[in-house]
1. Tell me which residues, restricted to the stretch 90-104, are touching a strand residue (DSSP E or B) at 6+ places or on another chain (Cβ under 7 Å) and either assigned to a helix (DSSP H, G or I) or more than 16 Å from the ligand (Cβ to nearest atom) (or both).
2. Every residue in the stretch 348-362 that is within 16 Å of the ligand (Cβ to nearest atom), outside any strand (DSSP E or B) and touching a helix residue (DSSP H, G or I) at 6+ places or on another chain (Cβ under 6 Å), please.
3. I'd like to know if the stretch 229-239 contains one or more residues that are crowded, with 24+ Cβ neighbours inside 10 Å and away from the ligand (no atom under 16 Å from the Cβ).
4. Filter the stretch 320-342 down to residues that are buried (at least 23 other Cβ atoms within 10 Å of the Cβ) and farther than 17 Å from residue 385 by Cβ, then give me how many there are.
5. On the basis of being within 23 Å of residue 310 (Cα to Cα) and part of a helix (DSSP H, G or I), does residue 396 make the cut?
6. Can you tell me which residues in the stretch 30-68 are surrounded by 14 or more Cβ atoms within 10 Å (Cβ to Cβ), farther than 15 Å from residue 260 by Cα and either over 25 Å from the mean Cα position of the chain (by Cα) or within 16 Å of the ligand (Cβ to nearest atom) (or both)?
7. Suppose we filter the stretch 379-394 for residues that are surrounded by fewer than 18 Cβ atoms within 10 Å (Cβ to Cβ) and free of Cβ contacts under 8 Å to residues at least 60 places away in the same chain; how many remain?
8. Out of 167, 178, I need the residue that is touching a strand residue (DSSP E or B) at 6+ places or on another chain (Cβ under 8 Å), within 15 Å of the ligand (Cβ to nearest atom) and not in a helix (DSSP H, G or I). Which one?
Ligand code: DSN
């Protein structure tokens with residue numbers, strides 16, 4: 001086997017990679033609420049020889065020999081995850097948030113069982129019952145909705161939906177909801193229907209880890225998450241649960257829905273959890289919320305309406321229904337000035353999911369770069385100006401220049417020793 005530098009061995013892949021690091025580092029303000037930048041130690045773990053090994057099974061009970069060091073790493077990831085989230089059991093093998101949700105459902109339900117979950121257009125995820133997804137295909141999903149007046153998931157609406165539909169399981173946790181989740185309200189709704197309660201904390205897991213969002217335990221029976229959003233770790237998924245579901249969860253992940261675990265990713269998760277246990281991670285998470293609030297204030301002051309008029313977490317959802325711009329055009333107009341966000345439906349959106357009337361804007365990635373309230377205020381002003389003037393080339397040039405200056409002041413990987 002010949003070892004060569006990537007640049008020589010595969011110049012096409014190398015060039016694309018180099019361009020991507022430049023895009024991340026010096027070309028755009030990354031504000032997709034589900035994205036973040038991992039530190040070098042996580043990249044190192046992910047790019048390691050752990051990718052070479054098959055480890056089907058769990059620590060101490062593998063189907064292959066030679067797993068001693070992998071057992072050590074997976075146990076570290078599991079123990080750290082339980083400590084962070086005050087969970088009785090953790091399964092760190094799901095390849096993604098979607099496969100975590102698949103396994104979590106099948107750990108406690110059978111196909112055809114009834115689940116009460118949020119609609120995609122009300123902040124939910126495809127795996128919360130959308131009909132193009134396995135979840136909508138294999139389970140009998142009913143929805144609860146954001147209150148049209150308050151734009152919040154109100155306790156009485158959830159309880160009413162639970163009593164009406166009598167589900168076997170209720171899902172809470174969202175991809176585009178700027179407010180805190182009221183776990184006690186969901187527990188009460190679940191108890192009224194004699195249902196289990198699951199929370200998908202993919203977006204907020206970093207805030208939960210730092211105590212900046214209430215914990216889903218003890219109210220929830222099962223909790224799923226990704227490990228690469230606000231918690232800033234290796235891309236992947238995880239399931240946390242009470243002990244009484246541990247065996248069912250493990251079986252639902254392997255052998256029911258996955259084969260060999262991605263041990264290099266599990267190492268990246270272990271390193272991420274080690275970071276998340278440090279006091280600095282609490283400071284980081286607190287700053288995410290301050291930054292999201294500064295952004296919300298700035299947008300509001302510049303006449304951009306926000307769903308629920310603000311945020312309690314890491315994201316804001318701008319409602320463009322009264323503007324002369326759709327979510328789709330807004331996403332493009334902002335990309336033209338190197339501000340990267342995503343179009344997003346707002347509750348009761350008259351537009352299709354491909355067009356939408358909103359944009360979702362998140363704070364985790366730029367907070368990782370070190371930006372604070374002052375920068376987020378400025379970014380809010382730039383976003384508002386662009387939304388109001390999407391065709392104005394002078395505005396476009398001015399904002400691009402300001403974005404460029406801002407990026408220069410907050411280096412990402414350039415002095416980190418990350419090499420490509
Ligand atoms: N794709 C993720 C998001 O952007 O929220 C959800 O999986």
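The values are calculated or read from the model by the stated rules, or taken from the named source; none is laboratory data. Quick caveat: nothing in here was measured; it's all calculated off a predicted structure. Cβ sites come from the backbone with ideal geometry, for glycine too, and all protein chains shown count toward neighbours.
1. Answer for the stretch 90-104, where residues must be touching a strand residue (DSSP E or B) at 6+ places or on another chain (Cβ under 7 Å) and either assigned to a helix (DSSP H, G or I) or more than 16 Å from the ligand (Cβ to nearest atom) (or both): 90, 91, 92, 97, 99, 100, 101, 103, 104.
2. Hit for the stretch 348-362 is 356, nothing else.
3. no
4. Adding up the residues that qualify gives 1.
5. It is false that residue 396 is within 23 Å of residue 310 (Cα to Cα) and part of a helix (DSSP H, G or I).
6. Selection gives 30, 31, 32, 33, 34, 35, 36, 37.
7. Final tally of qualifying residues: 5.
8. Every option except 178 fails the conditions.
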